[in-house]
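Q: Right, I'll just put the structure down here and ask away after.
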Amino acid sequence: MYHEAPRSQADLKYHNLKLIFDLVKREGPLSRAALAKRTGLSATSMTRIVNELQGIGLIAEHSIASAGTSGRPSTLLEVRASAAYCLCMDATPNVSKVSLVDMSAKNVAYRELIMAEGITFRNMAETLKEMLPELCRDAGVPVEKVACCGISISGHVLETGVISGSSQMHWADVDGVAILEDVLGMPAFVENDCKAALLGEQYLLSCAGESTENIVYLKLGWAGVGSAAIVDGRLLRGSRNAAGEIGHFNAGLEGLRPEKCEYRGSFERTISESAVIERAKEIDPAYGSLASINAGLKAGNQKLHALLLEVSEYIAIAISDISCAYNPDTIALWGNLFAGCAACYPTVMQFVEKRLVRSVQPNLTVRLTKMGSNASLYGISCIVVEQTIQRILQKMDMGV
């Protein structure tokens, strides 16, 4: 993730602490010598930084025998994952995913929260509070060690954590951060699900040594289509944190639906899961789910096949639009259309080959996201762990 260059001695110290911690987290276990070589810091500086990180319990050391030698064991550093824990949730209609993660963003406990229709955000937060002791008991973790909460949600979320609007959850003008902090009594973060998923994807790619400077995440949701973009290493947010709302792009010239304040020709109304099922039911009311559509395609229904071709081309148009708008190296895709309809992804890729503007990006990689349906949950986990680490480091004495 992007970090600004340090501007003062205190900033420099924080920068170095964060740099060493991030390296150990991403590539550890590592020796002090390896860290010094990677960072260019002196042995004295490295000793001081490591001692401080050990002192606050963020990293620990262990010894391993050197391969093929009988000499002194090597001492390696690794993240002390049990230093703190974070409560994370991917809020979706009907059933939401809830997890407790440690400082390595590893899931140590998992539950699902049934979302009653029309549930308010505060009621959801109160239910989450009731679930927290159960998660801690599952993980063998004291509740007091849970330092932060994060929620990802489909919809327009301001950088302040105010949910401007979520059509899926029927929430609007809700101060999600304020409510969570009031109910749970801990720092909280609320982020758009696509931006969260993209940051998680960025972290996984960076751990694998792949480029993450220019990458886009595209999600085909139940009732909407969303995306998020990292350009030149920076997450694009826009003036109201709404950059990436590709679902409202027009894919056709069909007229307005006044009751929905949307265009029938928008991507939201052409390639979202509910839109595709709606079209399939016009062919036969029995096609009321992706599973039944998939079965119908395998059985050779030609009308369904024609629908698949049309939807796949629209998805390819969205991918081409994204390629031209953001010029990424990689576009990561997800949505139940890909998971529930076996022919969808390969068919989309056939149209991508025809639709892509090669002069804009001749080497674009288009693939399914690494975390699948857990992308947003994993992404919000990465965000809140990062924020928790920052808070712990910033509480330290920053004198030099």
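The values are calculated or read from the model by the stated rules, or taken from the named source; none is laboratory data. From a predicted model like this one, the values you see are computed outputs, not experimental measurements. Because the Cβ atoms are built from the backbone with ideal geometry, glycine has one as well, and the counts that use them run over all protein chains shown. With ligands, DNA and RNA removed, areas are computed over all heavy atoms of the protein, side chains included. Shrake-Rupley method; radii C 1.70, N 1.55, O 1.52, S 1.80 Å.
Q: Just need log10 I(q)/I(0) for the stretch 72-175 at q = 0.13, 0.17, 0.23, 0.24 Å⁻¹, Debye formula, equal scatterers on the alpha-carbon atoms, no solvent, rounded to two decimals.
A: After summing over all Cα pairs, the log10 values are -0.53, -0.81, -1.21, -1.26.
Q: Nearest 10 degrees, 0 to 90: what angle lies between the long axis of helix 302-326 and the longest principal axis of the chain (Cα atoms)?
A: 50
Q: Further question: Can you compute the helix-only [θ] at 222 nm over the chain? Use -39500 (n - 2.57) per DSSP H run of at least 4 residues, normalise by all residues, nearest 500 deg cm²/dmol. Intermediate values should be presented prior to the final figure.
A: Working: 12 runs with 166 residues, N = 400.
That comes out to -13500 deg cm²/dmol.
Q: Additional query: Just need the relative contact order of the chain here, percent rounded to a whole number, with Cα pairs under 8 Å and 6+ apart. Before the final figure, lay out the partial values.
A: Numbers: 711 pairs, mean separation 61.1, N = 400.
15 percent.
Q: What ranking of S167, S206 comes out by heavy-atom accessible area, probe 1.4 Å, highest first? Before the final figure, lay out each step's value.
A: Numbers: S167 90, S206 40 Å².
Reading off the accessible areas and sorting them downward yields S167, S206.
Q: Mind checking the angle between helix 193-207 and the chain's longest principal axis? C-alpha axes, 0 to 90 degrees, to the nearest 10.
A: Around 50 degrees separate the two axes.
Q: Search the structure for amide H atoms under 5 Å from the amide H of V190, placed 1.01 Å from N in the peptide plane, and list their residues when 5 or more places away or on another chain.
A: Residues meeting the criterion, in which the H sits 1.01 Å from N, are I151.
Q: Oh, and also: Quick check on packing: order 193-202, 172-181 by the mean number of other C-beta atoms within 10 Å, highest mean leading.
A: Values: 193-202: 27.9, 172-181: 18.5.
Packing proxy ranking, top to bottom: 193-202, 172-181.
Q: How long are the semi-axes of the equivalent ellipsoid of the chain, defined as square roots of 5 times the Cα gyration tensor eigenvalues? Whole Å, largest first. Write down the numbers at each step before the final one.
A: Details: eigenvalues 337, 126, 80 Å².
Values for the chain, descending: 41, 25, 20 Å.
Q: Rounded, prolate or oblate, given the Cα gyration tensor of the stretch 160-220, with a/c below 1.5 counting as rounded? Provide the component values of the computation, followed by the final result.
A: Numbers: a/c = 3.68, a/b = 1.78, b/c = 2.07.
Judged from the Cα gyration tensor, the stretch 160-220 comes out oblate (a/c at least 1.5, b/c at or above a/b).
Q: Under the 0.36 nm per residue contour assumption, what length would be gained going from the current alpha-carbon distance of S239 and I283 to full extension? Display every interim value, and only then the final one.
A: Numbers: separation 44, 0.36 × 44 = 15.84 nm, distance 4.22 nm.
Difference between extended and current length: 11.6 nm.
Q: Full-extension gain between C324 and C207, please, as 0.36 nm times their residue separation minus the C-alpha to C-alpha distance.
A: Contour length minus Cα-Cα distance gives 39.4 nm.
Q: Here's something else I'd like to know. Taking all protein chains together and a probe of 1.4 Å, list S239, S272 from the most accessible to the least accessible. Show your work: numbers first, answer last.
A: Numbers: S239 130, S272 0 Å².
The ordering from most to least exposed comes out as S239, S272.
Q: Roll a 1.4 Å probe over the protein heavy atoms and report the accessible area of S266 in Å², nearest 10.
A: So the heavy atoms of S266 present about 0 Å² to solvent.
Q: Same structure again: For G165, enumerate residues with amide H under 5 Å from its amide H, sequence gap 5+ or separate chain, H modeled in the peptide plane.
A: Under 5 Å from the amide H of G165 lie the amide H atoms of H156, D173, each far enough along the sequence or on another chain.
Q: Name the shape class, rounded, prolate or oblate, that the alpha-carbon gyration tensor gives for the stretch 114-228, where a ≥ b ≥ c are the square roots of its eigenvalues, rounded holds for a/c under 1.5, and otherwise prolate holds if a/b is larger than b/c and oblate otherwise.
A: Numbers: a/c = 2.00, a/b = 1.22, b/c = 1.64.
Taking the square roots of the gyration eigenvalues as a ≥ b ≥ c, the stretch 114-228 is oblate.
Q: Rolling a 1.4 angstrom probe over the protein heavy atoms, how many square angstrom per residue are accessible across the chain? Before the final figure, lay out the partial values.
A: Details: 18460 Å² over 400 residues.
About 46 Å² of surface per residue is accessible.
Q: Applying 1/(1 + (r/R0)^6) with R0 = 56 Å to the Cβ-Cβ distance of E112 and R48, what FRET efficiency is obtained, to the nearest 0.05?
A: Values: r = 45 Å, r/R0 = 0.81.
The calculated FRET efficiency here is 0.80.
Q: Using a 1.4 Å probe and counting only protein heavy atoms, arrange I271, I317 so the residue with the most accessible area comes first.
A: Details: I271 0, I317 35 Å².
Sorted descending by solvent-accessible area, the residues read I317, I271.
Q: A further question on this structure: Just want to confirm a number: the relative contact order over the stretch 26-154, from Cα pairs under 8 angstrom separated by 6+ residues, in percent. Working shown, then result.
A: Numbers: 185 pairs, mean separation 26.4, N = 129.
Relative CO of the stretch 26-154 lands at 20 percent.
Q: Could you state how much accessible area C324 has, in square angstrom rounded to the nearest 10, with a 1.4 Å probe and all protein chains kept in place?
A: 70
Q: Next up: If you roll a 1.4 Å probe over the chain with all protein chains in place, what percent of the accessible area is carbon or sulfur? Could the numbers behind the result be given before it?
A: Numbers: 9270 of 18460 Å².
Using a 1.4 Å probe with all protein chains present, the chain comes out at 50 percent carbon and sulfur.
Q: Can you compute the charge dipole magnitude of the chain about its Cα centre, using +1 on each Lys and Arg Cβ and -1 on each Asp and Glu Cβ, nothing else charged? Give it in debye, rounded to the nearest 20. Could the numbers behind the result be given before it?
A: On the way: 38 positive and 43 negative charges, 213 e Å.
I would put it at about 1020 debye.
Q: Also, I was wondering about something else. Express the relative contact order of the stretch 73-139 as a whole percentage, based on alpha carbon pairs under 8 Å and six or more residues apart in sequence.
A: Working: 85 pairs, mean separation 16.8, N = 67.
Relative contact order, the stretch 73-139: 25 percent.
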